[in-house]
Amino acid sequence: MDIMEQINNENMNIADKIYIFDTTLRDGEQTPGVALTVDDKIQIAQKLNNMGVDKIEVGFPASSDGEVESARQIKSMDLDSTLVGLARSLKSDIDAVIDSDLDYIHTFIGTSPLHRDYKLKKSKDQIIDSAVSAVEYAKDHGLTVEFSAEDATRTEKDFLFDVFSAVSDAKVDFIDVPDTVGVLTPKDTRLLIGDVVKTFNIPISVHFHNDFGLATANTLTAIECGANQAHVTVNGLGERTGNCSLEELVMTLKVAYGIDLGLDTTRLYSLSNLVGRLTGVKMPVNKPIVGDNAFTHESGIHVHGILNNSFTYEPMSPEMVGHSRRIVLGKHTGANSLRSKLKEYHIDLNEKQFENVLSQIKSLGDSGKIVTDDDLVAIAITELSSARETPVVITGMSISMGANVSPTATVKLEIDGVEKETASTGVGPIDASLNAIRHLLQEDIDMELEEYNLQAINGGTDALAEVFVITSDSHGNRSTGRSTNQDIVMASILAVLDSINKLLIIQRAL
Ligand code: MN
């Protein structure tokens, strides 16, 4: 018996059914700097539904008309997941949830002394009255009601239990225990949730924040103690440092606890990417489950083990979460592994070219970078075409702009020696120019602009602009391009052309 089985044999009180309540579209949207459009919310809701999450909190309808609109539109998609709307314990907020056509409400009121005295300015009795009235009003309108005692973990325990008793008497359907500022430890979680589960004969939910990096650990502890539901977000998004992460919780339950919630976990990685792209919050490379490095190994002893049996250095397979394993090159790369990699891609180099590629990989490695297969192919192919071809060259460009009209860019390109010209409009001069380039290339060249990044290098109106882009083609080839110029439009055009020329070299060599 290994240690994991021994742990699993400890006496735990795990509920028969554990509900996943995803709040990416509500708490996740409260991540500083994040705002989702109706269309973004629809895309994310669809993916959450396809994965099989039980409940999706779609928003806070009382906060804006857009929230009501997105809730209605998601509702009209007729998903299997139950859709939830957030409301303060106020009649007007509850009405907004009803107006959104939702039939499950998550209503809350602050219960801690801090929230009572500094935010709500209400006595304990008034708090209980508001909570009970809200639950009764929502139940009278036929809603399923989940009640949260906001800042529960900094509320006097007696009072917290009084509040929960009162809403239980009002026939609430779920009691939620939020750790609003993430102060719980696993030990405190065990005491509190164990007690709540024992005391109340109602399904118990937890909503834990990650201020000390404990949201997932605390949520697992709550589940061990009998909690019936976990609030989670994709990528652990949410206020401040976020909430318990969907992918961490689901995979820990599956792999370490042997509990399969019935979710299609192979969709986790693509869901994480979609949410990262739509929110603009990229995951660090070392983010568990979905980070770039979650299944990445650098040449050496680990790779040798991995190739024989991947479980030597991985706790689960990348396929389980829809991720992929990467063997990367770096400072530890030897000539042999480079030769086998090149062979894999059918790239033949002479000795001199081989030495140059190896030394480029080692120097990238020395500067702390990893070299992916894509990078290797790009480096090797650029080395192959030693006289760097530039199939696409810009030969002319003009932009006209004014008030109340769209900017128009006229761009002239030489593509494989043939000159072509066109004009396009756009939301701004960069967009217009890139539209014109796209238009000129679309017949001849298979490419798509995947990423565009603009940065001012120093302050001032004459600052140098640095543009970094990634282009890709339909075969999955990718290449990067970079340009620095005092004119942001030129910097953008040159970076895109740099990338396209590299992509063409790769396409033509393979
Ligand atoms: Mn929260």
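Provide the packing ranking of 409-415, 442-448, 109-115, 143-149, i.e. peptides ordered by the mean count of other C-beta atoms within 10 Å per residue, highest first.
In decreasing order of mean packing, 409-415, 442-448, 109-115, 143-149 become 143-149, 109-115, 409-415, 442-448.
Once you have the alpha carbon radius of gyration of the chain, what is it after dividing by 2.2 N^0.38 Å, with N set to its residue count?
Against the empirical 2.2 N^0.38 Å value, I get 1.17 for the chain.
If you count only protein heavy atoms with a 1.4 Å probe, what accessible area per residue comes out for the chain, rounded to a whole Å²?
Value for the chain: 46 Å² per residue.
For the Cα atoms of the chain, what angle does the longest principal axis make with the long axis of helix 246-255, in degrees from 0 to 90, nearest 10?
80 degrees
List the lysines whose alpha-carbon lies under 28 Å from that of Lys41, not counting same-chain residues fewer than 8 positions away?
The reachable lysines, counting only those whose Cα sits under 28 Å from Lys41, are Lys17, Lys55, Lys75, Lys91, Lys139, Lys254, Lys282, Lys287.
Using a Förster radius of 25 Å, what is the FRET efficiency between Ala423 and Glu443 based on their Cβ-Cβ separation? Nearest 0.05, please.
The computed FRET efficiency comes out at 0.95.
Sorted by packing (mean other beta-carbon atoms within 10 Å per residue), highest first, where do 466-478, 304-316 land?
Descending mean neighbour count gives 466-478, 304-316.
Step through the residues of region 233-244 one at a time and calculate ³J(HN,Hα) from phi using the Karplus curve (6.51 cos²θ - 1.76 cosθ + 1.60, θ = phi - 60°), rounding each to whole Hz and writing x for Gly and Pro.
9, 5, 6, x, 5, x, 3, 6, 8, x, 10, 4
Pull up all non-local amide H partners of Phe208: gap of 5 or more, or a different chain, and H-to-H distance under 5 Å with H placed in the peptide plane.
Amide H to amide H, under 5 Å and 5 or more residues apart or across chains, Phe208 pairs with Asp179, His231, Cys244.
Using only alpha carbon pairs under 8 Å that are at least six residues apart, calculate the relative contact order of the chain and give it in whole percent.
Taking the mean separation of contacting Cα pairs over the length of the chain, I get 9 percent.
For every other residue with a beta carbon closer than 14 angstrom to the beta carbon of Ser133, add +1 if it is Lys or Arg and -1 if Asp or Glu, then tell me the sum.
-2
According to the square roots a ≥ b ≥ c of the eigenvalues of the Cα gyration tensor, what is the shape class of region 296-363, taking rounded for a/c under 1.5, prolate for a/b larger than b/c otherwise, and oblate for the remainder?
prolate
With a Förster radius of 56 Å, plug the Cβ-Cβ distance of Ser133 and Glu355 into 1/(1 + (r/R0)^6) and report the FRET value to the nearest 0.05.
The formula returns an efficiency of 0.10 here.
What part of the accessible area of the chain, given as a whole %, is carbon or sulfur when the probe is 1.4 angstrom?
Percent of accessible area from carbon and sulfur atoms in the chain: 49.
Taking 8 Å as the Cα distance limit and 6 or more residues as the minimum spacing, I'd like the relative contact order of region 62-160 as a percentage.
With pairs under 8 Å counted, the relative contact order is 28 percent.
As an exercise, use a Förster radius of 35 Å and the Cβ-Cβ distance of Thr37 and Tyr118 to find the FRET efficiency, rounded to the nearest 0.05.
Using R0 = 35 Å, I get an efficiency of 0.55.
For Ile327, enumerate residues with amide H under 5 Å from its amide H, sequence gap 5+ or separate chain, H modeled in the peptide plane.
The list, which skips near neighbours in sequence, is His297.
For region 420-442, list residues with backbone N below 13 Å from a point placed 7 Å from the Cα of Thr410 toward its Cβ?
In region 420-442, the label zone of Thr410 (backbone N under 13 Å from the point 7 Å along Cα→Cβ) covers 421-424.
Each residue of region 473-487 in turn: what ³J(HN,Hα) in whole Hz from Karplus with 6.51, -1.76, 1.60 and θ = phi - 60°, glycine and Pro shown as x?
Per-residue couplings from phi come out as 10, 6, 8, x, 6, 9, 8, 9, x, 9, 8, 10, 7, 6, 9 Hz.
The values are calculated or read from the model by the stated rules, or taken from the named source; none is laboratory data. Note that this is a predicted model, so its numbers are computed, not measured. So basically every Cβ, Gly included, is an ideal-geometry build from the backbone, and we count neighbours across all protein chains shown. When the accessible area is computed, the model is the full protein with side chains, heavy atoms only, and any ligands, DNA or RNA have been set aside. Shrake-Rupley method; radii C 1.70, N 1.55, O 1.52, S 1.80 Å.
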